[in-house]
1. Across the range A:49-91, what is the total count of residues that are buried (at least 23 other Cβ atoms within 10 Å of the Cβ) and in contact with a Lys or Arg (Cβ under 8 Å, 6 or more places away or on another chain)?
2. In the range B:191-205, what residues are farther than 19 Å from B:Ile2 by Cβ, crowded, with 17+ Cβ neighbours inside 10 Å and of a type outside the set (S, T, N, Q)?
3. Out of A:Thr56, A:Thr6, report the one residue that is within 14 Å of another protein chain (Cβ to nearest Cβ) and more than 21 Å from the chain's Cα centre (by Cα).
4. Can you pull out every residue in the range A:87-123 that is facing chain B (nearest Cβ under 10 Å) and among the acidic types (Asp, Glu)?
5. When the range B:61-83 is examined, which residues are found to be surrounded by 24 or more Cβ atoms within 10 Å (Cβ to Cβ) and within 20 Å of B:Glu158 (Cβ to Cβ)?
6. Out of the residues in the range A:103-117 that are of a type in the set (A, V, I, L, M, F, W, C) and buried (at least 24 other Cβ atoms within 10 Å of the Cβ), state the one that is nearest to the chain's Cα centre (by Cα).
7. Which of the residues spanning the range B:237-258 are under 14 Å from B:Ala286 (Cα atoms), touching a strand residue (DSSP E or B) at 6+ places or on another chain (Cβ under 8 Å) and in a loop (DSSP other than H, G, I, E, B)?
Amino acid sequence: MRNIWTICAKELRSYFVSPIAYLLLTMFALIFGFFFWNALGYFVIEGMEMQMRGQTFPMNINEQIIRPLLSNASVVGLFFIPMITMRLFAEEKRSGTIELLATSPVRDIEVILGKWLAALILYACLLFFTALNFAFLFHYGKPDWKPLAVGYLGLLLQAGTLLALGTFISTLTKNQIIAGAATFGVCLLLWVLEWTSGYESATWAQVLSYLSVITHFESFAKGVIQAKDVVFYLTGIFLGLFFTARSMESLRWRS
Amino acid sequence: MIIVKDVTKRYARATAVDHVSFSVTKGQIVGFLGPNGAGKTTTMRILTCFLSPTSGTASVAGFDVLEQPFEVKKRIGYLPETPPLYPEMETAEYLRFVGKLKGLSGAELERRIDYVCDRCFIGDVKNKLLGKLSKGYRQRVGLAQAIIHNPDVLILDEPTAGLDPKQINETRDLIKGLAGDHTIILSTHILPEVEQTCEQVIIINKGKLVATDSVRNLQARTRGDESLLLEVAARDGQLDALTAQQKLEAVAGVSRVLCTEHKDASLLFEVQSQKGQLVRGDLARAVVAFGWDLYELRSAAKSLEEVFLQLTGSAAPVEAEKNPAIELPS
């Protein structure tokens with residue numbers, strides 16, 4: 001347990017002493033800020049138009065701003081995850097520091113969990129900037145906080161899955177760019193798999209759609225926790241970290 | 001302390017280590033010698049549990065590297081060929097990280113950091129980024145991280161590679177100073193290093209064990225008859241090489257004399273004694289009796305280099321033929 005934290009602290013430190021963390025935070029804050037600004041703009045215009053026409057449909061901040069924005073955040077996150085995970089093991093393999101980790105009295109799984117946790121914490125820091133935006137909604141309106149909290153839980157679970165896969169891919173190569181590109185490909189694929197359900201209802205399409213990470217996020221965005229979605233993400237995290245452990249073990253036999 | 005039994009490591013295309021067995025007793029410094037690509041690093045990686053052997057067993061301090069790697073890892077300090085440093089960390093911070101990984105904490109950890117900084121002469125770069133350190137400092141920080149948890153066994157892969165002569169001497173002294181409490185295996189392809197630092201030597205070539213013995217025995221084993229170097233000069237400066245050679249050959253116990261070099265005023269001879277004969281005293285007396293000056297008389301013990309070449313069966317390194325890549329227009 002202590003070792004996990006030692007590794008995690010070291011990883012977090014190297015994110016934050018290098019420009020990586022700041023670059024990612026800045027880009028994410030900018031992009032999400034833009035989404036937020038647009039979503040708010042539509043909401044305000046729509047509200048005004050309704051008043052002018054004398055209609056009094058109920059306007060809902062949760063439904064009309066928070067929910068679509070959470071979905072946006074989950075997609076934007078897909079693009080940032082490869083940049084977070086690509087260095088985790090590839091860099092250690094390239095510089096030879098993996099020899100230090102592998103010959104220290106630390107279990108492989110502790111190293112893996114430490115690194116994955118650090119990546120998750122960095123992702124949580126990105127999400128913090130979305131919370132800054134949402135804080136305005138709470139200041140000027142009265143949105144329900146519970147669906148938002150569920151949304152964040154979903155975002156973290158989804159990111160946990162993709163980060164675990166990214167960590168695994170990072171153990172396969174010495175080259176960060178290869179690790180990053182491959183992770184990006186996988187993230188993108190796991191997103192667009194959902195599109196099959198749009199035109200096809202055969203079993204294979206349902207299976208593909210089920211495998212998409214986005215499908216399982218939708219209920220979280222609505223503020224609903226469904227067991228099947230939680231199980232999906234937890235399974236994803238477990239599998240990703242399991243493969244990472246196997247891959248790390250195979251280093252002892254291969255290289 | 002270290003027992004390697006019949007260890008083989010095969011990669012996809014090559015066998016790096018081929019049925020190697022040896023053992024090292026506690027407190028020894030052992031030199032692990034071989035040309036580049038002989039399998040030194042692979043053997044060390046097996047001992048540190050970084051790689052698994054294809055077959056055979058190895059144990060450190062009584063713990064098998066395959067069965068109880070965790071126990072083995074606790075007891076070894078390892079300096080890989082390139083020191084495993086994180087360029088974005090400062091020296092003290094890095095040592096703190098490694099110390100924690102090795103199970104140290106609190107005041108004990110801080111005490112050990114101060115100790116290894118002192119021991120490895122890196123106190124003055126404690127707050128510098130590792131990425132900015134010179135090669136010599138990087139190597140010493142690497143050594144410091146290997147000894148931070150005071151391990152029973154130290155495994156050092158080419159600890160003096162890339163250092164300047166002064167740093168090499170300091171590092172050798174440092175390693176010698178660590179012996180006794182620690183059992184040390186160090187690999188190198190620099191032979192004088194083994195002669196100067198180690199008590200025991202293990203020679204491997206192309207993955208196979210060639211010899212394992214004490215440095216002194218190894219020299220003696222390949223020596224045979226005593227061979228002496230002799231430099232003499234005549235008072236008047238007139239000394240004929242041939243007559244001098246004949247005169248020396250007449251000395252009791254001498255089997256062969258060879259004039260190796262003419263200098264301005266002196267002659268250099270290589271004198272081979274008959275088996276089991278000690279001729280040094282007789283030779284000195286004879287030279288004086290002939291009326292010559294004795295400039296030098298010493299035993300030409302074979303350097304480990306010759307021993308090594310003899311054992312590995314490879315010829316002395318020949319300088320590559322000069323083959324200019326760009327031909328100048330004539």
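1. Qualifying residue count for the region: 3.
2. B:Leu191, B:Glu193, B:Glu195
3. From the options A:Thr56, A:Thr6, the qualifying one is A:Thr6.
4. Going residue by residue through the range A:87-123, those that are facing chain B (nearest Cβ under 10 Å) are A:91-92, A:95-107, A:110-111.
Answer for the range A:87-123, where residues must be facing chain B (nearest Cβ under 10 Å) and among the acidic types (Asp, Glu): A:Glu91, A:Glu92, A:Glu99, A:Glu110.
5. B:Ile76, B:Gly77, B:Tyr78, B:Leu79, B:Pro83 - these are the residues of the range B:61-83 that are surrounded by 24 or more Cβ atoms within 10 Å (Cβ to Cβ) and within 20 Å of B:Glu158 (Cβ to Cβ).
6. First, pick out the residues of the range A:103-117 that are of a type in the set (A, V, I, L, M, F, W, C): A:106, A:109, A:111-113, A:116-117.
Add one more test, that the residue is buried (at least 24 other Cβ atoms within 10 Å of the Cβ), and what stays is A:111-112, A:116.
Values: A:Val111: 20, A:Ile112: 17, A:Trp116: 12 Å.
Going through the qualifying residues, I end up with A:Trp116.
7. B:Gly253
Here is a yes/no grid of residues against (1) at pLDDT 85 or above; (2) more than 14 Å from chain A (Cβ to nearest Cβ):
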{"position": "B:Arg140", "(1), (2)": "yes, yes"}
{"position": "B:Glu158", "(1), (2)": "yes, no"}
{"position": "B:Ala161", "(1), (2)": "no, no"}
{"position": "B:Lys166", "(1), (2)": "no, yes"}
{"position": "B:Thr171", "(1), (2)": "no, yes"}
{"position": "B:Glu193", "(1), (2)": "no, yes"}
{"position": "B:Gly207", "(1), (2)": "yes, yes"}
{"position": "B:Arg216", "(1), (2)": "no, yes"}
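The values are calculated or read from the model by the stated rules, or taken from the named source; none is laboratory data. Bear in mind the structure is a predicted one, so any value in this text is a computation, not a measurement. For neighbour counting, all protein chains shown are included, and Cβ atoms are generated from backbone atoms with ideal geometry for every residue, glycine included.
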